[in-house]
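The values are calculated or read from the model by the stated rules, or taken from the named source; none is laboratory data. These numbers come from a predicted model, not from an experiment. Cβ placement follows ideal geometry from the backbone for every residue including glycine, while neighbour counts extend to all protein chains displayed.
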Amino acid sequence: MLDSKVKTKLVKRIDSIVGNDNVTTQATDAILNAHDAWPLSEAKIRAGEALPLADLIVFPVSTEEVSQVLMIANKMKIPVTPVGGGAGTCGGTLPIYGGMQLDLKRMDKILSIDHESLLVTVQSGVVGIDLEEAVNRHGYTMGHTPTSLRASNVGGFIATRSGGSLSSLYGKIEDLTLGLEVVLADGNVIRTKAVPRHSVGPDLRQLFIGSEGTLGVITEATLRMFPIPEERRFRSMAFRDVHSGLVAIRQIFRHTTPSLVRLYDPVDTAMFVANHFDVDDGDCMLMLGFDGTPAENDLAEAKSVEICLSNGAKDYGEGPSKRWWEHRYDMYYPSSFTTSGYAIGDTIDIVATYDKLENVYHAMKAAMEAHDAIVLSHFSHMYQNGGSIYMIFYTNQPNAETAWATYRRMLGPPIEEYGMMA
């Protein structure tokens, strides 16, 4: 916690920049902002442990205010933790050093839409669903649909290098971000040109995309958007095992690019598909989506189904995939997987190329199950060269010490040996 004299001086200076209504030192506000959706912080709360609190929370409304606030914090050596929508599941917004939380939720303006270049410029606090609905009214889509869309904002998307369920076709946030405005720790402002590409020098955008707020505060972004497709259709194919499904996916990407590609392992299929559809025990459900004109979708769907059937799949029509699409946002804010004490329920995304992907899946699953974890998995983002495995795990531990140790043992070695976090 800050010294009382330092805190009083800091609050007075910040108040002169953002106004009294945009800064708070109330304990209740600090407690509410003390955690995101990280299951381990929820476990700490249930166990009666205190989380680190910020000394003050600042709500800027402009880049200029962010710049002035960071300039003061830098001169006074005040720790600063940027906060977006609070939907992160890794504890990235926890103010572990106290000091100041810079909450960007009030920087929520859509600044311009460029109909010729298909670009939209926004402040970083715009919530994902608000942006999507705004561009929808003009006949466009962002093509970026993470399950946290209703709870997270553009700055969070960029800071965490996020991906949406349609990323196979539209790309991830690093593919959609053309320009950035970022305030550095000393208050200086960097603006990158919003151009499709450049041939000279390093791409400064990539320093900040995925930087988790450690290198600067993202205040504005210029993003690609797309015309809303004439048609979106779905198909569902069940395979006898993960291997057959991955072979089919790899072959599909050599011929066409679906918008949605998700392969569920037997446990995940049993948990989320078999409750609503008559799926055989041990099956792995592949969910496919196609965006385009009816003629384009006819070709892409026919080829994809042909490949799946040649790999032993059973055709379930559109049902499972369409139902998943209609309920895709139901998990956020994510309900806790835990019930009491130091039970651990969490998720992790691992990415690898096709030659390693299946081995990574089995290694991660085995590492978690060795600690009596329940593990459900699906391959959530797939591309021509590889894809991501989204693993949900649950295990009960007696105390904080064993919980953290188990957490590290479950995740560390398989990641180091086989893959990277997606």
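See the values below:
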read-out	value
Residue count for segment 182-225, restricted to those that are over 22 Å from Val127 (Cα atoms) and touching a residue at least 60 places away in the same chain (Cβ under 8 Å)	6
Selected residue (criterion: farthest from Asn22 (Cα to Cα)) from residues of segment 42-73 that are hydrophobic (A, V, I, L, M, F, W, C), in a loop (DSSP other than H, G, I, E, B) and modelled with pLDDT of 85 or more	Leu51
Identity of the residue in segment 115-133, part of a loop (DSSP other than H, G, I, E, B) and surrounded by fewer than 22 Cβ atoms within 10 Å (Cβ to Cβ), that ends up farthest from the chain's Cα centre (by Cα)	Glu116
Residue list for segment 104-114, filter: in contact (Cβ under 8 Å) with a residue 24 or more places away in the chain and either more than 19 Å from Val182 (Cβ to Cβ) or not in a loop (DSSP other than H, G, I, E, B) (or both)	Ile110, Leu111, Ile113
Which numbered condition Asn33 fails, given (1) modelled with pLDDT of 95 or more; (2) of a type outside the set (Asp, Glu); (3) touching a strand residue (DSSP E or B) at 6+ places or on another chain (Cβ under 7 Å)	(1)
Only listed residue being over 22 Å from Gly163 (Cα atoms), surrounded by 22 or more Cβ atoms within 10 Å (Cβ to Cβ), of a type outside the set (Phe, Trp, Tyr) and out of contact with any Leu (no Cβ under 6 Å at 6 or more places or on another chain), chosen from Ala270, Ala238	Ala238
Pairs with Cβ under 7 Å, 6+ apart, first in segment 286-309 and more than 17 Å from Tyr170 (Cβ to Cβ), second surrounded by fewer than 21 Cβ atoms within 10 Å (Cβ to Cβ) and of a type in the set (S, T, N, Q)	Lys303/Thr256; Ser304/Thr256; Ile307/Gln251
Close pairs (6 angstrom Cβ cut-off, 6 or more residues apart or separate chains): assigned by TED's automatic domain parsing to the domain that holds Ala50 and without any contact (Cβ under 8 Å) to a residue 24 or more places away in the chain in segment 1-23, part of a helix (DSSP H, G or I) and surrounded by fewer than 14 Cβ atoms within 10 Å (Cβ to Cβ) anywhere	none
Strands (runs of 3 or more DSSP E) wholly inside segment 134-230 containing at least 3 residues that are under 18 Å from the mean Cα position of the chain (by Cα)	217-224
Cross-chain or 6+ apart pairs with Cβ under 6 Å, segment 78-103 first and crowded, with 21+ Cβ neighbours inside 10 Å, then among the hydroxyl-bearing types (Ser, Thr, Tyr) and modelled with pLDDT under 90	Val83/Thr93
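Rundown of residues vs (1) of a type outside the set (Phe, Trp, Tyr); (2) more than 21 Å from Asp349 (Cα to Cα); (3) at pLDDT 95 or above; (4) touching a helix residue (DSSP H, G or I) at 6+ places or on another chain (Cβ under 7 Å), yes/no style:
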residue: Arg250; (1), (2), (3), (4): yes, no, yes, yes
residue: Thr257; (1), (2), (3), (4): yes, yes, yes, yes
residue: Pro266; (1), (2), (3), (4): yes, no, yes, no
residue: Met271; (1), (2), (3), (4): yes, no, no, no
